[in-house]
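Readers should treat all values here as calculations from the given coordinates under stated rules, not as data from a laboratory. Just so we're clear, the structure is a prediction, and the values are computed from it rather than from any experiment. Heads up, the Cβs are rebuilt from the backbone with ideal geometry, glycines too, and the neighbour counts pull from every protein chain shown.
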Amino acid sequence: MQAILLVGGLGTRLRPLTLTTPKQMLPLLHRPMIEHVVSGLARHGVARVVLALGYHHDAFRDAYLDGRCAGVEMACVVESEPLDTAGAIRFAYTESGMEASGGTFLVANGDVITDLDVGAMLRVHRSAGAEATIHLMEVENPSRYGVVVTDPDGRVDAFLEKPAEPAPSRWINAGTYLMEPSVIGRIDGGRRVSVEREIFPAMAAAGTLWALRHNTYWVDAGTPQTYLQAQLDLLDGRRGPAAVGVSPEAAVDPGALVERSVVMVGAVVGAGSAVRGSAVHPGAVIGAGATVLDSVVGSGATVGQGARVTGGTLIGEGFAVEPGAVLSGARVPEVA
Ligand code: GTP
């Protein structure tokens, strides 16, 4: 099975971290987010991935010069301008040679961290004779997602992207799809096309779209809160043995308190400081007596002595928080 991974978005919700690093190259635990996605798919039989790139595409190419990502064969295609999700699928499919091999392929949003059983999804897809099948998750508040209504057999009756309340279902598009090559023929070339707003609603109307309701481990790691959550879940052992948060190549002062946090290679945590529920990226420095709570300190950034950084604050790569500053829910630098 081959997979197209959509990784060309701007990642605006994670700015300023994504101003310098594309979202899927941000570290999650101790390796880039994309590697978590690819290794998850590889466990379920995906043997080749095509990265649909745009924004900061060089970051991916530079990281995987040998053409392999997490041990999986990787090809890259780069849009000269963003084509949106369906446009990107069409472009990746035609430019990467997938057209020649034909057959069912997988598509995933590059920020979906999941233990989805792709084999089970493929069985549903095949037995239904579906043109495409979507993985669905059940969530408390579906309004910020694509909401999917199915009949009892799993055929999609309606696909509603971010509907006004009340949503007709709590099952949402979880961002992994199986597709037949005929889907490509539904997507216009040379313009922006959204799979969620245009292609899936049209397929639902045509009766060729199916869904697999499968509640499993799933996080869309595209917001500050979920980007941290994906890492805390690994530390908490929610996806297997609990992971180690502090890199052996980080320098944590014995008088510092680090709880439920990721402290990455080359980071320094000073005496008397406290880091909780946070991610401290490579080479970042937490000054003596500082507090970092539920926040992300970007690569090479500095939190000055005695500063308090809390409430989902994001500090961009190389930026500094003044000693004694108090920040909550802030972006450093501020972003539009
Ligand atoms: P936000 O700006 O924070 O919403 O993030 P985003 O730009 O990543 O958008 P979103 O999370 O909605 O996109 C879903 C997936 O599609 C992500 O993995 C994006 O990288 C990807 N994506 C969105 N638009 C494009 C595009 O035009 N081209 C490509 N190749 N990928 C895209």
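Extending 7 Å from Cα along the Cβ direction at Glu249 and again at Ser127 yields two label points whose distance is 4.7 nm. Taking 0.36 nm per residue of separation and subtracting the Cα-Cα distance, full extension of the segment from Arg260 to Asp117 would add 48.7 nm.
Projected label points at Ser80 and Arg31, each 7 Å from Cα along the beta carbon direction, are separated by 3.5 nanometres. Relative to the current alpha-carbon distance between Lys162 and Ala320, full extension at 0.36 nm per residue lengthens the span by 53.2 nm. Per the Kirkwood formula applied to alpha carbons, segment 3-125 shows a radius of gyration over Rh ratio, Rg over Rh, of 0.94. Evaluating 6.51 cos²θ - 1.76 cosθ + 1.60 at θ = phi - 60° for every residue in segment 186-199, the Karplus couplings come out as 7, 9, 4, x, x, 8, 5, 9, 9, 5, 6, 8, 10, 6 Hz, glycine and proline recorded as x.
Taking only the Cα atoms of segment 76-234, the ratio Rg/Rh comes out at 0.95, with Rh defined as the Kirkwood radius. Placing dummy labels 7 Å off each Cα toward the beta-carbon, the span from Thr104 to Tyr217 is 2.4 nm. Between Arg276 and Asp66, full extension at 0.36 nm per residue minus the direct alpha carbon distance yields a gain of 71.9 nm.
Relative to its Kirkwood radius, the Cα radius of gyration of segment 190-229 gives an Rg/Rh of 1.14.
Taking the inverse of the mean 1/r over every pair of distinct Cα atoms in the chain gives a Kirkwood hydrodynamic radius of 20.8 Å.
For the chain, modelled as a Gaussian network with Cα springs under 10 Å, which listed residue fluctuates most, Glu259, Glu140, Glu99? Most flexible of the set in this elastic network: Glu140. Dividing the helix sum by the residues of the chain, where each DSSP H run of 4 or more adds -39500 (n - 2.57), gives a mean residue ellipticity at 222 nm of -5500 deg cm²/dmol.
The eigenvalues of the Cα gyration tensor, multiplied by 5 and square-rooted, give segment 152-270 an equivalent ellipsoid with semi-axes of 42, 17, 14 Å from largest to smallest.
Of all DSSP beta bridges confined to the chain, the antiparallel ones make up roughly 35%.
Rounded to the nearest whole angstrom, the semi-axes of the ellipsoid equivalent to segment 251-332, taken from the Cα gyration tensor as √(5λ), stand at 15, 13, 12, largest first.
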